[in-house]
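The structure under discussion appears below in the form of structure tokens.
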Amino acid sequence: MTTLDTLSHWRLERDADGLAWLTFDRAGSAVNALSADTMTELAVVLDALDAALPKGLIIQSGKATGFIVGADVNEFASLDTPEQARALVARGWNLFKRLAAVRYPTLALIQGHCLGGGLELALACRYRLVADQPGTSLALPEVMLGIFPGWGGMLRLPQVIGAPAALDMMLTGRGADARRAAALGLADARVPPRLLLAAARQLVLSKQPARRARGLGALANHWPLKSIVANRARNLLRVFRLQERLKANGKQIGISPAKHVHVVGAGVMGGDIAAWCALKGMTVTLQDQDMTRIAPAIQRAATLYARRLKDPRLARAAFDRLIPDPAGNGVPLADIVIEAISEQPEAKRALYRSLEPRLKPGALLATNTSSLSLETLRAGLTRPERLIGIHFFNPVAKMPLVEVVHAEGDTGDALARACAFVGQIDKLALPVKSAPGFLVNAVLAPYMLQAMRSVDDGIAPETVDAAMVAFGMPMGPLELADTVGLDIARAAGEELAGGAEPPRCLAERLARGDLGKKSGRGFYTWRDGKPVKQSAGSPAAAPAGLAQRLIQPLVDATRQRVEAGVVADADLADAGVIFGTGFAPFTGGPLHYQGSNA
């Protein structure tokens, strides 16, 4: 029989103020994970505290690796029957329900990772304090494996931070660092590590009420908004399944992974593609006319590695894999050569003519073109089927989607290999047929043009953008146009607008040389990389139906791309627009949104 004296994983101490300090230090493990034996012992601790009530209970970790990383995955792997799975869920549910109901205040003292079941345990406490330091992370990552929080987290998280934010965490696996956890209300406060113990003591003895969601987040927990939230949750589940379908495109059986990538063109796109491939473990040679053109890309890569790879040794290793190569010596060694030069067909074809004789047998030749057809670019190649489109989006490190462009009649070998490469670098591969704008740019262009025509009609850019952010877009269409570049937006619009006159507001800005973010002025003035808006912009100030009028051209263009066979089906089109543009995920995608609102 387990008693306090025979605990292996927990240490219980009481101080002079009557506070109980419970330290989780799982035996024989570098990390704290919840398992059958650790939870059995936690029940024993709660029995002892019921017998002699403390002034409060503070739960902390004895591991330098963090608070609790979740449940022991080995126990999930050993489940053989539905009954065993139900028993595992019931065990955690009942134990955390018991913790939440104790008669004394409880606090989770969180440093480092607080994941999955660990976050569910913390939610069962009255208070949560997080260490304000790098590495603090609160998340439910198991949802990315199709496992949903079954130990009370689905009930308690919306109560603490509101339904919209809770759904985002529960359905995407997205986590929160110390700053975001405090901003969401997931943590009562973020505290410097040296002050954690004193702050925990003070908060528990304060006996203040438990934190609860307020404002719109709280309203969304109640009918009728609760039913709206539930509908959005089903759509997010759909998006999760669409994401898994895109991931499957990158898992091509029998294709050897690429080891060496050669990128020609060290501009923003080419340089960032090269940096990302090196981050993902490949040897990368980066070619341009001279080192002065390559140097900015190398500097950006160093910044990326320092931010993404906290260990300086790993950052150095990634940096060493990125090799400046003005002479193009990496071409004969590469498994895949990616061209990312200017959008001039003749310049691209001349480059291919010089590259093709130097490619090793079996190497793939790819273009990052955003608009030119493969048929145009393949002219003059000895083996035209070897050229395929691999179209990244800017910024490369943040945008998950990559369009893999193939031409009519392609056999599929190059397509399969390109999709496998995209999966290898942890991006989502969307096969699309060669057509102007492919999918994503083809649907964005009419959307941005419609937004500009609204400005021509007298609506302020801030109001247009606010209406679409309220709809659920990550940024407004005019801020997006400024970010992309108004000259690029005009070029895309001319190709896809069927010869229609450009919006007056666009032509006027281009005539003044106002190109958007890169020139410092477009629809907005840009300072320190951010738009300066004359007012915050209010969706309430927008004319009735503005958001629907703006989004309709995007929906129509998406449907047209499916009907033209540019993308295989409506689900993949929805997936591409969501992951390529940030189209409000809770809608389920533009075509799903249109169908559900018909």
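The values are calculated or read from the model by the stated rules, or taken from the named source; none is laboratory data. Bear in mind that the values here come from a model prediction, so they are computed numbers and not experimental data. Don't worry about glycine lacking a Cβ; one is built from the backbone with ideal geometry, like all the others, and counts go over all protein chains shown. Accessible surface areas use protein heavy atoms only, side chains included; no ligands, DNA or RNA. Shrake-Rupley method; radii C 1.70, N 1.55, O 1.52, S 1.80 Å.
Here K310 is the anchor, and the aspartates and glutamates within straight C-alpha reach of less than 15 Å, apart from those fewer than 8 places off in the same chain, are D177. Of all beta bridges that DSSP places with both ends in the chain, some 25 percent have antiparallel geometry. The portion of the accessible surface of the chain made up by carbon and sulfur, rounded to a whole percent, is 55 (1.4 Å probe; DNA, RNA and ligands excluded). Bridging of K398 to aspartates and glutamates at a Cα separation below 16 Å is possible for D272, D426, once same-chain residues fewer than 8 apart are set aside. For region 260-434, the Cα-based Rg and Dmax, in that order, read 15.2, 47 Å. For A295, the shell of other residues with beta-carbons less than 15 Å away shows a net charge of -2, using +1 for Lys and Arg and -1 for Asp and Glu. Applying 1/(1 + (r/R0)^6) with R0 = 56 Å to the Cβ-Cβ distance of A350 and Q133 gives a FRET efficiency near 0.60. Over the C-alpha trace of region 480-532, radius of gyration and Dmax come out as 11.1, 37 angstrom. Descending by average beta-carbon neighbour count within 10 Å, the peptides 457-467, 442-452 line up as 442-452, 457-467, the highest first. Sparsely packed loop sites in region 337-395 (the GluC sites (Glu not before Pro) outside DSSP H, G, I, E and B with at most 14 other Cβ atoms within 10 Å) comprise E343. Protein-only accessible surface at a 1.4 angstrom probe places the residues E83, E41 in the order E83, E41, largest first. The string of couplings for region 377-390 from the Karplus curve (6.51, -1.76, 1.60, θ = phi - 60°) is 6, 6, 4, x, 7, 5, 10, x, 5, 6, 7, 9, x, 10 Hz, one whole number per residue in order, with x for Gly and Pro. The gain in end-to-end length when the A16 to D290 segment is fully stretched comes to 91.6 nm, 0.36 nm per residue minus the alpha carbon separation. Relative contact order of region 440-597, taken over Cα pairs closer than 8 Å and 6 or more residues apart, is 29 percent. Excluding ligands, DNA and RNA, the accessible surface per residue across region 338-437 is 38 Å² with a 1.4 Å probe.
The share of alpha-carbon pairs in region 236-314 lying farther apart than 18 Å comes to 56%. 3J(HN,Hα) couplings calculated from phi for region 553-559 with the Karplus curve 6.51 cos²θ - 1.76 cosθ + 1.60 (θ = phi - 60°) are, in sequence order, x, 5, 4, 4, 5, 5, 5 Hz; Gly and Pro show x. Within region 502-518, what residues put their amide N at less than 16 Å from the label point 7 Å along the Cα-to-Cβ vector of Q534? So the set is 505-506, 509.
Note on region 273-323 and region 1-64: Cα centroid distance 46 Å, given to the nearest whole angstrom.
Have a look at P361, Q344, S373 and report the one farthest towards the positive end of the charge dipole of region 298-409, computed about the Cα centre with Cβ charges (Lys/Arg +1, Asp/Glu -1). Final value for the positive-end residue is P361. Full extension of the chain between A90 and T382 yields a length gain of 98.7 nm, computed as 0.36 nm times the residue separation minus the alpha carbon distance.
For the residue pairs K63/K97; K360/K427; K251/K517, alpha carbon separations beyond 32 Å are given by K251/K517.
Show that you can apply the helix-only estimate: for the chain, add -39,500 (n - 2.57) for every DSSP H stretch of four or more residues, divide by all residues, and state [θ] at 222 nm to the nearest 500. Dividing the helical sum by the residues of the chain leaves -14000 deg cm²/dmol. Relative to the longest principal axis of the Cα atoms of the chain, the long axis of helix 291-308 lies at roughly 20 degrees. Taking amide H as placed 1.01 Å from N in the peptide plane, L387 has no amide H partner under 5 Å among residues 5 or more places away or on another chain. One quarter of the surface of the convex hull around the alpha-carbon atoms of the chain equals 30.9 nm², the direction-averaged projected area. The residues of region 440-597 present an accessible area of 43 Å² per residue when probed at 1.4 Å with all protein chains retained.
Relative to the longest principal axis of the Cα atoms of the chain, the long axis of helix 461-471 makes an angle of roughly 50 degrees.
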